[in-house]
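I have placed the structure first, in the form of structure tokens, so that the comments after it can refer back to it.
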């Protein structure tokens, strides 16, 4: 089945530790996105990527890093510089990168908790 | 800057009642797209509908219907004869084109609780 997978479902981070969230898609979509959702709030864009080896900062990129070495993969690293990382992280993809009509499809999310 | 406002934070109804979710947006763009997503308790966002700024025709899909009014910058969503499975958080979103790709701006979401 085609879709977006995120792992792990739950992730625990210790103080000062970097952690990486996985996002994989087999939809052959060009663009991929990372969002953060805090309790009771909407989604905020962290990073997005239109093509392999290229990505742009979203609204809240500080404390996060990404890579796009393969079309189907867009991992997100939450660094120790992110002082408040506890949140629900959602990965999305769209068929094409440009075009405001493009629908973004979402993965099941990863919940990150700080120990 | 673009903005999406969902003034209702939570709506509680009894099964079979209708429920309408409000969405008001702000944009300077003349061409834009609006979306509705559903987030069930599992957490994954499920795409429901997409509407472009030139198409103000209302749409019905089963028990769902959407009312887009450009004059009032609103894109409201109605669930007819609600069911317990409709319990979820619903998000309205606005798409804007940027030099490096499109971007979605989300509202804060409306939690719908349907009681049996």
Specify whether the C-alpha gyration tensor of chain B places it in the rounded, prolate or oblate class, a ≥ b ≥ c being the square roots of the eigenvalues: rounded for a/c under 1.5, otherwise prolate if a/b is larger than b/c and oblate if not. prolate
Whole-number D in µm² s⁻¹ for chain A, Kirkwood Cα-pair radius fed into Stokes-Einstein, 10 °C, 1.306 mPa s: 113
Where labels lie 7 Å past Cα in the beta-carbon direction, separation of residue B:85 and residue B:56 in nm: 3.5
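Average partner chain C-beta neighbours within 10 Å, per residue of B:24-33? Please report the intermediate quantities before stating the final value.
On the way: counts 0, 0, 0, 0, 0, 1, 0, 2, 2, 5.
Average per residue, whole number: 1.
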Just to confirm my numbers, what's the Cα centroid distance between segment B:21-94 and segment A:39-115 in Å? 23
Radius of gyration and maximum dimension Dmax of segment B:24-65, Cα, Å: 12.6, 36
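If you build the convex hull over the alpha carbons only and average its shadow over all orientations, what do you get for the protein assembly as shown? Give it in nm² to one decimal. Mind dumping the intermediate values first?
Values: hull surface 51.5 nm².
That works out to 12.9 nm².
Among rounded, prolate and oblate, which fits segment A:36-75 when a ≥ b ≥ c are the square roots of the eigenvalues of its C-alpha gyration tensor, a/c under 1.5 means rounded, and a/b larger than b/c means prolate? All intermediate terms of the calculation are to be shown ahead of the outcome.
Numbers: a/c = 2.61, a/b = 2.11, b/c = 1.24.
In terms of gyration-tensor shape, prolate.
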So if the hydrodynamic radius of segment B:55-116 is defined as the Kirkwood radius over C-alpha pairs, what does Stokes-Einstein give as its diffusion coefficient at 20 °C and 1.002 mPa s, in µm² per second? 157
So for B:51, B:63, fewest C-beta neighbours within 10 Å to most, what's the order? B:63, B:51
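Bear in mind these aren't lab numbers, they're just calculated from the coordinates by the rules spelled out. Bear in mind that the values here come from a model prediction, so they are computed numbers and not experimental data. For neighbour counting, all protein chains shown are included, and Cβ atoms are generated from backbone atoms with ideal geometry for every residue, glycine included.
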